[in-house]
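Any read-out appearing in this document is the output of simple, stated calculations on the displayed coordinates, not a laboratory observation. Owing to the predicted nature of the structure, the values given are computational and were not obtained by experimental measurement. Heads up, the Cβs are rebuilt from the backbone with ideal geometry, glycines too, and the neighbour counts pull from every protein chain shown.
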Amino acid sequence: MTPVSVHGTTVILPTQDGDADAYLARPDDDAAHPSVILYTDIMGVRPSMKKMADRLASVGYTVLVPNVFYRSGQAPVVDMPDVVTEDILWDVVGRAVPVAQALTPQDAMRDALVWLDWLEASEFTTGGPVGITGYCNGGMLCLRTAGSYPDRVAAAAIIHGSHLITDAPDSPHLVADRIKGEVFFANGDKDTVNPPEEVEAFNAVLSMAGVRYRSEMYADAQHGFCSSDLLPLYDKAADERHWAGLLDLFDRTL
């Protein structure tokens, strides 16, 4: 599809715990399009993630980027420069960790129902099952959403996901056997957060659960390879490979 112009705006979604802000990107034609939820990495909603939503919208999707950390404040929740260099990377990421840890799985999945219901009711969506793409911490939320609301998620892309398999009784991987949609799982072989051995373990989880999935491993890519504003982590080649897989997934399922 030839990319089209995009309309992007901030929307407010009422939740049980207060108003959540979100970025909405859609083709600038006032027509209804298939729905996508984009869960950001741990750094939250910011210009680089809005740019990713715009790219998806430009090829025919209505994309919601919820500020899942709204309980801690409106986006941007974490103070960070437009471009993060190596000398400040871990200081900046460190500020985001307690914010992400404050979001419980129960709250996140209660919120996910709000995102799904809002998209279904929107005049700018076709109202059917959604696609989800999630990065880093958002990959975990993507997995939980696909397993918690299996009839409403047609496709889930978990990109350099984090902490997918843990020892906790509510580990994200435990919902895999409920997933009905197709999964795209992309990682870098230099990822120290979700290293290759953990990728293989999660591949085995998906296989045992009977999930339709495709798993890709990108050479020399680190955790965060899609985050263009985190310069030490970003890998353009791996990012573009993920885009090819992501668009193929959504083109076939939405």
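Could you tell me what fraction of 2.2 N^0.38 Å the Cα radius of gyration of the range 129-210 comes to, as a two-decimal ratio? Walk me through the numbers on the way to the answer.
Working: Rg = 11.5 Å, N = 82, 2.2 N^0.38 = 11.7 Å.
In units of the globular-protein estimate, the range 129-210 measures up at 0.98.
From the Cα gyration tensor of the range 1-85, with a ≥ b ≥ c the square roots of its eigenvalues, which class applies: rounded if a/c is under 1.5, or else prolate if a/b is larger than b/c, or else oblate?
Working: a/c = 2.62, a/b = 1.39, b/c = 1.89.
Oblate.
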Charge dipole (debye, nearest 20) of the range 163-254; +1 at Cβ of Lys and Arg, -1 at Cβ of Asp and Glu: 360 debye
- request: State, in angstrom, two size descriptors of the range 16-162 derived from its alpha carbons: Rg to one decimal place and Dmax to the nearest whole number.
  value: 14.8, 45
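Rounded, prolate or oblate: which fits the range 114-254 when a ≥ b ≥ c are the square roots of the eigenvalues of the alpha-carbon gyration tensor, with rounded for a/c under 1.5 and prolate only if a/b beats b/c?
The shape class here is oblate.
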- prompt: Using the Karplus equation 6.51 cos²θ - 1.76 cosθ + 1.60 (θ = phi - 60°), what ³J(HN,Hα) coupling, rounded to whole Hz, does each residue of the range 28-40 give in order, writing x for Gly and Pro?
  reply: 7, 10, 6, 9, 8, 9, x, 8, 9, 9, 10, 8, 6
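Where does the charge balance sit around His242 when Lys and Arg score +1, Asp and Glu -1, over other residues with C-beta under 12 Å from its C-beta? Could you put the intermediate results ahead of the total?
On the way: positive: Arg55, Arg214, Lys236, Arg241; negative: Glu216, Asp235, Asp239, Glu240, Asp248.
Result for the local shell: -1.
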- request: Convert each backbone phi in the range 198-203 into a coupling constant with the Karplus relation 6.51 cos²θ - 1.76 cosθ + 1.60 (shift: θ = phi - 60°), then list the ³J(HN,Hα) values in order as whole Hz, x for Gly and Pro.
  value: 6, 4, 4, 5, 6, 4
query: Counting pairs of alpha carbon atoms under 8 Å apart in space and at least six apart in sequence, what relative contact order in percent does the range 168-235 give?
result: 36 percent
Net charge over other residues, Cβ less than 13 angstrom from the Cβ of Lys180 (K, R count +1; D, E count -1): 0
field: Part-to-part distance (alpha-carbon centres) for the range 1-71 and the range 87-128, which is given in Å
entry: 11 Å
- prompt: So in the chain, what percent of DSSP beta bridges are antiparallel if you round to the nearest 5?
  reply: 35 percent
field: Selection from Ala57, Met80, Val45, by position along the positive dipole direction of the range 45-96 (Cβ)
entry: Ala57
- prompt: Near the amide H of Val183, under 5 Å away, which other amide H atoms are found, from residues 5 or more places off or on another chain, if H is placed in the peptide plane?
  reply: Ala156, Arg212, Tyr213, Arg214
query: Taking Rh as the Kirkwood radius, which is the inverse of the mean 1/r over Cα pairs, what is the Rg/Rh value for the chain?
result: 0.93
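Which value at 222 nm does the chain reach when only helices count, each DSSP H run of 4 or more adding -39,500 (n - 2.57), with the total divided by all residues and rounded to the nearest 500 deg cm²/dmol? Provide the component values of the computation, followed by the final result.
On the way: 6 runs with 85 residues, N = 254.
Rounded to the nearest 500, it is -11000 deg cm²/dmol.
Taking 0.36 nm per residue of sequence separation and subtracting the Cα-Cα distance, how much length would be gained by fully extending the chain between Val59 and Glu123, in nm to one decimal? Walk me through the numbers on the way to the answer.
On the way: separation 64, 0.36 × 64 = 23.04 nm, distance 1.81 nm.
Gain on stretching Val59 to Glu123: 21.2 nm.
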Gaussian network model of the chain, Cα within-10 Å springs - most flexible of Asp54, Asp235, Asp177: Asp177
message: Apply the Karplus curve 6.51 cos²θ - 1.76 cosθ + 1.60, θ = phi - 60°, to the phi angles in the range 109-121 and return the couplings in whole Hz, x for Gly and Pro.
response: 7, 5, 5, 4, 5, 5, 4, 5, 5, 5, 5, 4, 7
